[in-house]
Structure formats: structure tokens, C-alpha cells
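A.B. asks: This is the structure I want to talk about, given as C-alpha cells.
Nothing in this text is a laboratory measurement; each read-out follows from the coordinates by a stated rule. This structure is a prediction, so every number in the text was calculated from the model and none was measured. Cβ atoms come from the backbone with ideal geometry, glycine included; neighbour counts cover every protein chain shown.
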Amino acid sequence: MMKKSYSLILTVAVVSLLGACSAKGEQTTKSTSTSTSHSKKVTSVTSSQKQVRKETTSSVSRTKQQAQSQSQTKQAKALWDSNKKQDLATFMSSWGTTMGQTYQSYDLTRDTDYAGIHFPSKLAQTDLAVDDTPVTAAWSTDGTGSADYNVVAIYCDVDGGTVGGHLYLFTFHNGQPVVLITSQNRGTPDNRLHFSVTANTDLKTGFANIVSG
């Protein structure tokens with residue numbers, strides 16, 4: 001009888017122990033499952049946030065590139081063409097007659113010989129000043145360029161060493177049409193060829209109207 005009671009007690013103890021272990025195993029499994037699920041959710045949220053940041057950065061980058069492209073296109077837009085060149089030739093013929101002067105056009109195919117000055121071939125190599133301020137100038141076929149004054153047309157009423165002539169440069173300064181004139185026919189202390197903005201209203205207006213079309 002004692003042996004049976006002892007066996008029964010031992011059996012109950014073993015069953016209880018197994019039950020406790022099983023419960024603990026289930027709790028551990030449940031905890032591990034919950035932890036894994038939470039980790040997946042955190043990883044999913046983090047990935048989503050990264051994707052949003054990536055898309056936002058990409059969108060900002062595209063916007064900046066588009067703005068830069070539009071700015072460059074605007075800056076590079078031609079300000080001068082062959083039709084405007086012909087319109088200026090017609091205007092200068094009429095204006096010269098009104099002034100009692102005859103003007104010739106000069107370009108890359110024909111240089112001026114104004115008191116030994118050869119434009120446009122030596123334009124970029126000549127030290128210039130506008131209203132006593134040193135400037136740079138260069139020939140331009142479309143009015144754009146990096147010089148202070150981008151020259152699109154040159155007109156002069158003398159050829160050779162004749163004294164008393166007028167040399168005009170039709171230019172774009174900061175994108176705006178500007179007509180420069182010089183009557184200088186001898187050297188200066190600073191060794192620069194000095195120009196000024198023309199005071200002739202008809203000439204300024206005529207050039208501006210041609211530019212605007």
C-alpha cells in the first residue's frame with residue numbers, strides 16, 4: 001500500500017512538472033513569436049520611412065535639376081539673328097542719310113580700319129573702357145557670351161586713317177541692347193580705347209526696337 005501511494009505521488013509530481021515545462025515552453029514560444037512580429041513591424045515601418053525619404057530627396061533633386069535647366073535655357077536664349085542683322089542694316093542706311101553720314105557694316109568677314117583699330121578680329125585683345133571704366137568685349141553671333149559687352153554689329157563711317165569718324169558697337173550688356181560710340185583716334189595715358197553709351201535717342205530706340213522685334 002505504501003509503495004502504491006509512493007508511485008501515485010511520484011506520477012503526480014512528474015505530470016505537474018511536465019505541465020509546468022509545457023506551460024513555460026508555450027509562454028516562451030508566445031513571447032518569441034510576439035518579439036519576432038514586433039521586429040517585423042519595426043523593420044517594415046523603418047523601410048517605409050526610408051523609402052519616403054528617398055522619394056522625397058529624389059523629387060527635390062529633380063525639381064532643382066529642372067529649375068537649373070530652365071535657367072540655363074533662358075540664359076542661353078539667342079538675342080540676335082540674321083533677320084535682326086538685316087533690319088539693322090536697313091535702319092543704319094536710313095539713319096546715316098538723316099545724319100549726313102554713310103556707314104559701313106563690319107563683321108567676321110570684314111574688319112574695320114579705324115585709326116589702326118581692326119574690329120572685330122582684335123576686339124577681344126583690345127583694352128577697352130566704357131565711361132572710363134575698364135570692360136571686356138567680344139564678338140557674338142547671337143548676343144550671348146561671357147564678356148561685359150557682347151558685340152553683334154559694328155558700324156563705322158570712315159575707313160583707314162581718316163580723322164573725325166565715328167565707330168559704333170551694337171552690343172548686349174547684361175542681356176540688354178546698348179549702343180557704344182567712340183571718336184577716339186589717338187592714344188590715351190591708360191592705353192585704352194574709350195567708348196561711351198550713345199546719346200542719340202533715335203539710334204538707341206532703333207536698336208532696341210529691332211531687338212524686341
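A.B. asks: Would you kindly state how much longer the chain becomes between ALA78 and ARG186 on full extension, computed as 0.36 nm times their sequence separation minus their alpha carbon distance, in nm to one decimal?
C.D. replies: Values: separation 108, 0.36 × 108 = 38.88 nm, distance 3.55 nm.
Gain on stretching ALA78 to ARG186: 35.3 nm.
A.B. asks: Return the FRET efficiency for the residue pair ASP127, ASP159: r is the Cβ-Cβ distance, R0 is 35 Å, and the value is rounded to the nearest 0.05.
C.D. replies: After rounding to 0.05, the efficiency reads 0.95.
A.B. asks: Under 5 Å between amide H atoms, partner at least 5 residues away or on a different chain: which partners does VAL130 have, H built in plane at 1.01 Å?
C.D. replies: Amide H neighbours of VAL130, under 5 Å, 5+ apart: VAL135, PHE195.
A.B. asks: Just the ratio, please: alpha-carbon radius of gyration of the range 79-187 over 2.2 N^0.38 Å, N its number of residues.
C.D. replies: Working: Rg = 13.2 Å, N = 109, 2.2 N^0.38 = 13.1 Å.
After normalising by residue count via 2.2 N^0.38 Å, the value is 1.01.
A.B. asks: Still on this model: Express in nm, to one decimal, how much length is gained between SER212 and LYS85 on full extension, taking 0.36 nm for each residue of separation and deducting their alpha carbon distance.
C.D. replies: 44.4 nm
A.B. asks: More than 19 angstrom separation, counting every C-alpha pair in the range 128-213; what % is that?
C.D. replies: Every Cα pair in the range 128-213 considered, those over 19 Å come to 39 percent.
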